[in-house]
Structures are given as C-alpha cells and as structure tokens.
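Chemist: This is the structure I want to talk about, given as structure tokens.
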Amino acid sequence: MKTKLIIGVVVLFAIPLVLLLIAHIIKRSDPNGIPIGINQVQVSSSLSILQTIPSDEASNVSIFSPIQVVFSRALTNEEQKNITLQTDPEIMGGSTEMVTGTTLAFKYSQPLKVNTQYKVTITYNDKKYYFTFITPTAENLSPSDINLEQSEGDHNFGQKLEQNANSFPWKDQLPLQTDQYFVYFDTDKKMFIAKLYPPANPTSAIDGEVAAMKSEITQKLTAINPDTSNYKIDWQVIPAL
C-alpha cells in the first residue's frame, strides 16, 4: 500500500515537470518545429547591409580609407564563404576578411588612386549591393594622406633597393667608366646601357675602336660576375664632334 502511495506521489509531481519541459522545447524550436540543440544557432533568413565605409557617394575619401561592409546580423560560415567583393577600377592585391561576425573588410596594400571614382559590388545570398565613392585630386590630399603616401613611397623604395641588391649583387661594382665609355645597369629595363665615345677618326678606324671597346667591356662584365652575360647590352655609340 505504501509503495503504491509513493508511486502516485512521484507521478503527481513528475507530470508538471514533463509539461514544463515540453513547453520549453516547443519554445526553442525553429519555424519548422525542429528543436534547436546546444550546438545549433537560430539564424534569421533575412540578411541585409546596414552600413558601408566609405558611405555611398562619399567624396574626398582618403586614399588610405578602410573599405568595410556591416551586415544586419552575424554571418554563418557558409555565408562568409560565398560573399564576394569587387571594385571597379580593380584594386590590385586586395583581399577580404571578416573582422567581426557582422563586418567584412577589404584589405589592400597600395594606396587608392587619386581623383578616381570607385564602384564596390558586394554579392551575398544571391543578392547584389553597390556603393560608390570618390578620392580627392592630388592637390586636395589631406596632410595625413600626404605623409602616409611619402612613408609608403619610402618603404617601397627601400624594398626595391633590397630586391635589387638580392637580384643583382654585382651592381655595386658598376658603373664601368673610362674616357672612352660609360656602362651602367638599368634595373627597370634589366639591361646594361653602354655609352661608347670613339675618337674622331675615319669610319673604318671608328669601327675598330668600337669593336675593341665592346670586347673590353664584355670581358670586364664577365669578370665581375658570369651572370651578367644573361642580360642584354644596349650599345650606344656617340662619335666625337
């Protein structure tokens, strides 16, 4: 008798708890009635763009301005993979990354072009969003942009010097210079420039002088480094007046 009484009491108290649990599960179900588990995130189907940096049709935008897009909610991993951002004109060396759950940033390594209108297109969830902005003319650059541009130029120049030193380690032994010729290496054209100054003699004698100078220069370049033979020599003969 006591056992039946205990079971009855347990059932009496258990029924409200079960009902509360069922109500909690229903409340946490998605619109399709599927319960949301611990590792499942409820995502609204609506996704929109709340803000862009720069704002649409902004003018005199810094050539170092960040380019960012702020969404109305956090994006799922799948949505992040499918987002694309394109600029016209194209910004070379750019890439996108999510800096927060709702903010997409476009990172670029070179300053934007001055006096240029950029059109930015974002594609997400089969939607397209556009905004435009304009950078200032060179005369209207802000002091901070001018300083940053100078620093960027100095940095790039330093990098170029370092790259040249690594690519052309023999360049510090140039130019070759005498009274009859001047030879240097053009790193942009990647070729030697040889200016020859033969004496004022008859044409036949000049030809012999030029041939002798070319032979001497070629031998000296080879002695500096055999790799120099891989580069073209632009021979420029400048006869004496």
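Computed from the coordinates by the stated procedures, all read-outs in this text should not be read as laboratory data. Source: prediction; values computed, not measured. Neighbour counts are summed over all protein chains in view; Cβ atoms, including those assigned to glycine, are modelled from backbone coordinates with ideal geometry.
Chemist: For segment 53-111, what relative contact order do you get, as a whole percent, if you take Cα pairs closer than 8 Å and at least 6 residues apart?
Modeler: Reported relative contact order: 37 percent.
Chemist: On full extension of the chain, what length is gained from GLU216 through THR123, given 0.36 nm per residue of separation minus the C-alpha to C-alpha distance?
Modeler: Working: separation 93, 0.36 × 93 = 33.48 nm, distance 6.29 nm.
Once the chain is fully extended between GLU216 and THR123, it gains 27.2 nm.
Chemist: Then there's this: Report the gain in length on full extension from GLN51 to ASP186: 0.36 nm times residue separation, minus Cα-Cα distance, nm rounded to one decimal. Don't jump to the answer; show the numbers that get you there.
Modeler: Details: separation 135, 0.36 × 135 = 48.60 nm, distance 4.83 nm.
Extending this stretch completely gives an extra 43.8 nm.
Chemist: Rg (Å, one decimal) plus Dmax (Å, integer) for the alpha carbons of segment 171-237?
Modeler: Radius of gyration, then largest Cα-Cα span, for segment 171-237: 12.2, 37 Å.
Chemist: For labels at SER62 and LEU174 in the simple 7 Å Cα→Cβ model, what's the distance in nm?
Modeler: 4.0 nm
Chemist: Report the convex hull volume per residue for segment 49-138, counting only C-alpha atoms, in Å³. Display every interim value, and only then the final one.
Modeler: Values: hull volume 7.5 nm³, N = 90.
About 83 Å³ per residue, rounded to a whole number.
Chemist: Turning to a different aspect of this structure: For VAL114 and SER167, what is the calculated FRET efficiency with R₀ set at 30 Å and r taken between the beta-carbons, to the nearest 0.05?
Modeler: Numbers: r = 31 Å, r/R0 = 1.02.
Calculated value: 0.45.
Chemist: Next question. Taking 51 Å as R0, compute the FRET efficiency from the Cβ-Cβ separation of ILE238 and ASN82 and round it to 0.05.
Modeler: Using R0 = 51 Å, I get an efficiency of 0.20.
Chemist: Okay, next question. Using a simple spin-label model with points 7 Å from Cα along the Cα→Cβ vector, what separation in nm is obtained for MET92 and GLN150?
Modeler: Between MET92 and GLN150, the simple spin-label model gives 2.5 nm.
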